[in-house]
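Handing you a structure now.
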There are 2 protein chains.
Amino acid sequence: MDATAQSTRNTRERILRSAETLFAESGFNATSLRHITQAANVNLASVNYHFGTKKELLKELIRERVSSVNEQRLERLRQCRCRENGKPSQLRPIVEAYVVPMVQAKYGRMKRESSSPELICHIQTEMPAFMEEMHREFFQPVQEKFLEAIREAVPEVDERELFWRFHFAIVLILGAVGQRSRLMLLSRGQCDGEDIEETARKLIEFICAGITAPAIPACQS
Amino acid sequence: MDATAQSTRNTRERILRSAETLFAESGFNATSLRHITQAANVNLASVNYHFGTKKELLKELIRERVSSVNEQRLERLRQCRCRENGKPSQLRPIVEAYVVPMVQAKYGRMKRESSSPELICHIQTEMPAFMEEMHREFFQPVQEKFLEAIREAVPEVDERELFWRFHFAIVLILGAVGQRSRLMLLSRGQCDGEDIEETARKLIEFICAGITAPAIPACQS
DNA sequence: AAAAAAGTCAAACGTTTGTTTAAATCATTC
DNA sequence: GAATGATTTAAACAAACGTTTGACTTTTTT
């Protein structure tokens, strides 16, 4: 009867939306089911009813979000191939196709809302074993497609070298957004990470330069 | 009388050592005081006796570890300035001075032991508010010294640009070690992050290239 | 050797956690 | 419109958590 929050009836969706915000904000362990259900205005037991366990709720959440990012990444990669059809693509559009969908994957309409990189960054460091499963199922296939595309674009870079550098690129994408508070502190307020397009552009520049860096022979103090 | 573990009496040190290993492995929230004291072979209450609270134990731990890394970093930076005395230094030695002490800050003699980047990576994403305190107290001063040195080494890079790129460098150093399991999966076992010198070298290459990357005007899809 | 201080210990404290239960309510079907 | 299945609800569950307590032992000081 009353037009308050829970009248919408889609309890499942409300739980997912609260969970993704809170998980991205504070991680898995620090976010209790009571926090989630309270924020979602639903009963505590409904999480277990709809998802089974807390962990399966997280799994479902990641499944949703990563699938969306994956689709966008592959679509953009396809467009790369089309645009310069026949010849091997340039590096930058490929990196752009990988970076942009993840960086701009925000949820909620608020300015200071949480995002996919923040969520994944949290879970990655908090539950590495769990994340390995997710990696095999969701990340690996897409990453291998991009690795292949990059290998064609910069054949002068050694294959083993490329594994390292692509790994660095992924670390960078997740961390740059997930730890963006440091940028504010470091620059004493001169830079912030709010502008998504700016963040993506800087990331792309940095990653492209890193991937094409000349290899230096082993010699250091 | 018996020569078992706790006869050494340096309870405080044993707690610190267990804590740093377990915190680096599983983070703060997922590591209970009972895990720590069990691994250290000491009584549960001794943590509160010696450190007050769990959080202050962590603070003490970070204080120790970061101070050590800071000293090494500044000493190496001093050596940079000496070596090419008078003229502005090159970028690479500066980056090297920043990267190496952190990457090789391992504890324990086992091969697969945890390290400072892993610890900091965990706490950074898990307790950002707490980490801001630590940042102001420990990281900020050293980072500003390095920022200045880098600015002299690559004056052609815009100052605001440099904040971004140094932020990326820090993200990279922490994440490359903390998330090193991905490298194994990505390369299907062809690369691992066990070799510290190799890791440091690849990081230095990537970061130097990223910092000196040519700025590209804003245009993207 | 007595007194004082520092450290250790087992037990218990009150909270909070994820999950389960069984009754109540809603929606749909016959 | 009664019956059936799906969903919501309040209450309780055992387990684990960080912390405190007070008696006990060790070490240091006088």
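The values are calculated or read from the model by the stated rules, or taken from the named source; none is laboratory data. Because the structure is a prediction, the values reported are computed rather than measured. Every residue, glycine among them, receives a Cβ derived from its backbone with ideal geometry; neighbour counts consider all protein chains shown.
When segment B:187-208 is examined, which residues are found to be more than 7 Å from chain A (Cβ to nearest Cβ) and among the hydroxyl-bearing types (Ser, Thr, Tyr)?
B:Thr199 - this is the single residue of segment B:187-208 that is more than 7 Å from chain A (Cβ to nearest Cβ) and among the hydroxyl-bearing types (Ser, Thr, Tyr).
May I ask you to say which residue of A:His122, A:His135 is under 24 Å from A:Ser18 (Cβ atoms), outside any loop (DSSP other than H, G, I, E, B) and not small (Gly, Ala, Ser)?
Answer to the selection: A:His122.
Quick check: anything in segment A:9-20 near DNA strand C (Cβ under 8 Å from one of its atoms) and either farther than 22 Å from A:Ser116 by Cβ or touching an Asp or Glu at 6+ places or on another chain (Cβ under 6 Å) (or both)?
Looking only at segment A:9-20, we keep the residues that are near DNA strand C (Cβ under 8 Å from one of its atoms), and these are A:9.
From what's left, either farther than 22 Å from A:Ser116 by Cβ or touching an Asp or Glu at 6+ places or on another chain (Cβ under 6 Å) (or both): A:9.
Yes.
With the condition kept exactly as written, say whether any residue in segment A:30-50 is under 18 Å from B:Asn29 (Cβ atoms), within 14 Å of chain B (Cβ to nearest Cβ) and within 14 Å of DNA strand D (Cβ to nearest atom).
Yes, the conditions are met somewhere in segment A:30-50.
Here are the criteria: (1) within 8 Å of DNA strand D (Cβ to nearest atom); (2) touching a residue at least 24 places away in the same chain (Cβ under 8 Å). Tell me which single one B:Ser68 does not satisfy.
With respect to (1) within 8 Å of DNA strand D (Cβ to nearest atom); (2) touching a residue at least 24 places away in the same chain (Cβ under 8 Å), B:Ser68 is out only on (1).
Taking the stated definitions as given, is B:Phe146 surrounded by 17 or more Cβ atoms within 10 Å (Cβ to Cβ) and facing chain A (nearest Cβ under 7 Å)?
Answer is no for this residue.
Another question about this same structure. Taking segment A:51-74 as the region of interest, how many residues are within 14 Å of another protein chain (Cβ to nearest Cβ), surrounded by fewer than 20 Cβ atoms within 10 Å (Cβ to Cβ) and more than 13 Å from DNA strand C (Cβ to nearest atom)?
1
Based on what the data block shows, is B:Tyr98 away from DNA strand D (no atom under 16 Å from the Cβ), buried (at least 22 other Cβ atoms within 10 Å of the Cβ), within 17 Å of B:Leu174 (Cβ to Cβ) and not polar (S, T, N, Q)?
Details: away from DNA strand D (no atom under 16 Å from the Cβ): yes; buried (at least 22 other Cβ atoms within 10 Å of the Cβ): yes; within 17 Å of B:Leu174 (Cβ to Cβ): yes; not polar (S, T, N, Q): yes.
Spelling it out, B:Tyr98 is indeed away from DNA strand D (no atom under 16 Å from the Cβ), buried (at least 22 other Cβ atoms within 10 Å of the Cβ), within 17 Å of B:Leu174 (Cβ to Cβ) and not polar (S, T, N, Q).
So in segment A:38-50, with the set limited to residues that are farther than 26 Å from A:Met102 by Cα and among the small types (Gly, Ala, Ser), which one is surrounded by the most Cβ atoms within 10 Å (Cβ to Cβ)?
So the residue we want is A:Ser46.
Which condition number does B:Tyr107 fail, the rest of (1) farther than 15 Å from B:Ala24 by Cα; (2) more than 11 Å from chain A (Cβ to nearest Cβ); (3) of a type outside the set (Asp, Glu) being met?
(1)
One line per residue, one yes/no per condition, for (1) under 25 Å from A:Glu161 (Cα atoms); (2) modelled with pLDDT under 95; (3) within 8 Å of another protein chain (Cβ to nearest Cβ):
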position	(1), (2), (3)
B:Ser116	yes, yes, no
B:Glu126	no, yes, yes
B:Glu133	no, yes, no
B:Glu137	no, yes, no
B:Ile150	no, no, no
B:Trp164	yes, no, yes
B:His167	yes, no, yes
B:Leu185	yes, yes, yes
